[in-house]
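These notes concern the structure reproduced below.
The values are calculated or read from the model by the stated rules, or taken from the named source; none is laboratory data. Keep in mind the model is a prediction, meaning the values are calculated, not measured. For neighbour counting, all protein chains shown are included, and Cβ atoms are generated from backbone atoms with ideal geometry for every residue, glycine included.
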Amino acid sequence: MIVRAEAERLALKVPTEPYYAGRWGVTRGVGTFDVVDPVTERRLMTVQAAGPAEVDSAVSFARSALDDGAWGRMDGATRGRLLNRVADLLEERSEEFAALESLDVGKPGFEPRAIDLPQSVRTFRHFAGWADKLEGRSIPTSGYMGRPTVSYTVREPVGVVAAITPWNSPTMIAAWKIAPALAAGCAVILKPPEEAPLTSLLLASLIEEAGFPPGAFSVLPGRGSVTGQLLIDHPGVDKISFTGSPETGYKVAVAAAKGFRRITLELGGKSPQIVFADADLDAAADGVAVGIFANQGEVCAAGSRILVARAFYDEVVERLVTRARGVKVGDPFDEGTTMGALINARQLERVSRYIEAGVAGGARCVVGGGRPGRPGYFVEPTLFADATNSMTIAREEIFGPVGTIIPFDSEEEAVAIANDCDYALSATLWTSDVGRAHRVSRGVKAGAVAVNGWSPLDPSLPWGGFKLSGQGRELGWAGIEANTEEKTVTIVL
Ligand code: NDP
């Protein structure tokens, strides 16, 4: 396992410039920004930010690569080989990527090693497999003016795709956007999060090493309000794939409306975890605790509303408190750490404000609520009991390790509470009744429902939500559909 000092040394070797038009560097740029370690609060690196000149050049180069270049002419099998090469390179260097992700995001070492990196590798492999299987359909028609016709469809790449990613799982979410778009033959321009750009910049160097032709892939680091906004406003971008907050998602949708460009939005959630009286309570407590405390609760699908059958409410609360007390908050590089630091001071302040709102709103803080006495953006795993679904902490996305435990009296009430929410990304059910598992899965409004476990975030399963959680789906065949246009061709015989 890579230790902190070695990870800090590796960070110094990560490229610190944009990569576009087949080269690293800036022509003019818009200054630099610092990347801060959330655990030590020290600067890790300084990165060159891409500005108007770089965005323009990246978009026009991507367009030429598609329209007149080697990338647009490349067949699916060769695209698949290149994507498999990225997967191999990423797998070979996954220890290094995992360490950099821990350093940059503040998450405990085992999480990127067990989840983010294996999932990213699998995502590249999964979409490598799709690249030469983008078949069309042969469709019978009633002919044309008495003459028979042959009609068929072909799938063509959407074009230039801007991928804008957040800081909570930067490698994995970048893979979710890059791999399907490249498999579909699109040219991709990634704007990584300014808070955690390390692994995205390193991934760009692997994509270059894998042999993608210039223009097929670019990375443009910079501030969201500057580089990100320039990219989403650029008329040469055909599709924007965004993961982040609903507020920024709205800006993306407004920008994309000019020219009716395509969008995929993944905007987080307020996901229910429902524990029924017939559940295996120990397994449920373990699963629910992971659901709210993994990745410091900075997870779009975090199960932040914990709905518990009243008959076992106190028992489940007690079990969850025990699980929370077992969480070891600390430096992600220390052995035994199971929860790291929040991403930055702003996020710490946001989570702290919600904890105060929980207390002020009348919920009972049964564990946590404070900050460990040490530097870094740490907060204790926190649970509120005796809460109602109308409280602020039950309605708004906190994006931190704060769970709200709400009692219910019947299956109908559990579904009604779960659905009384502005978000609809995911839900988790804990029950041993197979009929109830199917009934409630159908009744709950969410893009993904998992029963007696967590949504595996498998690259073959569509991922995304509706309501405030966004629109469109990533991954699996849905990821290919989202990056292609279906063209109909009719030949009158
Ligand atoms: P944002 O939605 O602002 O950031 C997500 C990405 O969008 C980042 O790459 C950001 O760039 C970029 N961005 C920001 N503004 C623009 C813009 N005008 N045009 C184009 N791109 C832009 O989230 P924050 O980082 O500000 O986090 C705020 C809250 O969002 C969190 O507390 C959490 O609730 C939620 N969130 C949800 C996530 C999810 O997985 N659904 C992930 C992250 C946050 P940059 O970082 O460089 O500013």
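See the values below:
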quantity: Test: residue in segment 200-212 that is more than 8 Å from the ligand (Cβ to nearest atom), assigned to a helix (DSSP H, G or I) and either without any contact (Cβ under 8 Å) to a residue 24 or more places away in the chain or closer than 27 Å to Ile398 by Cβ (or both); calculated: yes
quantity: Close pairs (7 angstrom Cβ cut-off, 6 or more residues apart or separate chains): touching a residue at least 24 places away in the same chain (Cβ under 8 Å) in segment 123-138, part of a strand (DSSP E or B) anywhere; calculated: Leu134/Arg155; Leu134/Thr484; Gly136/Tyr152; Gly136/Thr153; Gly136/Val154; Gly136/Arg155
quantity: Single residue of Gly249, Gly287, Gly269 found to be away from the ligand (no atom under 13 Å from the Cβ) and at pLDDT 95 or above; calculated: Gly287
quantity: Filtered residue count, segment 169-190, keeping only those that are touching a strand residue (DSSP E or B) at 6+ places or on another chain (Cβ under 8 Å) and closer than 19 Å to Phe97 by Cβ; calculated: 8
quantity: Flag for Val39 being of a type in the set (Val, Ile, Thr), surrounded by 18 or more Cβ atoms within 10 Å (Cβ to Cβ), under 21 Å from Ser225 (Cβ atoms) and out of contact with any helix residue (DSSP H, G or I) (no Cβ under 6 Å at 6 or more places or on another chain); calculated: no
quantity: Elements of type strands (runs of 3 or more DSSP E) in segment 401-493, at least 2 residues being hydroxyl-bearing (Ser, Thr, Tyr) and more than 16 Å from the ligand (Cβ to nearest atom); calculated: 484-492
quantity: Which listed residue, of Gly215, Gly228, Gly222, is on the phi > 0 side of the Ramachandran plot, crowded, with 22+ Cβ neighbours inside 10 Å and within 11 Å of the ligand (Cβ to nearest atom); calculated: Gly222
quantity: Matching entry among Val351, Val316, Val275, Val308 (being modelled with pLDDT of 95 or more, buried (at least 20 other Cβ atoms within 10 Å of the Cβ), within 15 Å of the ligand (Cβ to nearest atom) and among the β-branched types (Val, Ile, Thr)); calculated: Val351
quantity: Residues of segment 144-173 satisfying the condition of being among the small types (Gly, Ala, Ser), closer than 17 Å to Ile232 by Cβ and either within 16 Å of the ligand (Cβ to nearest atom) or in a strand (DSSP E or B) (or both); calculated: Ala162, Ala163
quantity: Any pair with Cβ under 8 angstrom, 6 or more apart, that starts in segment 224-238 at a residue that is free of Cβ contacts under 8 Å to residues at least 40 places away in the same chain and ends at one that is within 7 Å of the ligand (Cβ to nearest atom); calculated: Gln229/Lys251
quantity: Given (1) under 22 Å from Gln347 (Cα atoms); (2) away from the ligand (no atom under 11 Å from the Cβ); (3) part of a strand (DSSP E or B), index of the condition Gly303 fails; calculated: (3)
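Residues checked against (1) surrounded by fewer than 23 Cβ atoms within 10 Å (Cβ to Cβ); (2) touching a residue at least 40 places away in the same chain (Cβ under 8 Å); (3) of a type outside the set (Val, Ile, Thr); (4) in contact with a Cys (Cβ under 8 Å, 6 or more places away or on another chain):
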position: Gly340; (1), (2), (3), (4): no, yes, yes, no
position: Asn344; (1), (2), (3), (4): yes, yes, yes, no
position: Gln347; (1), (2), (3), (4): no, yes, yes, no
position: Gly369; (1), (2), (3), (4): yes, no, yes, no
position: Tyr423; (1), (2), (3), (4): no, yes, yes, no
position: Arg439; (1), (2), (3), (4): yes, no, yes, no
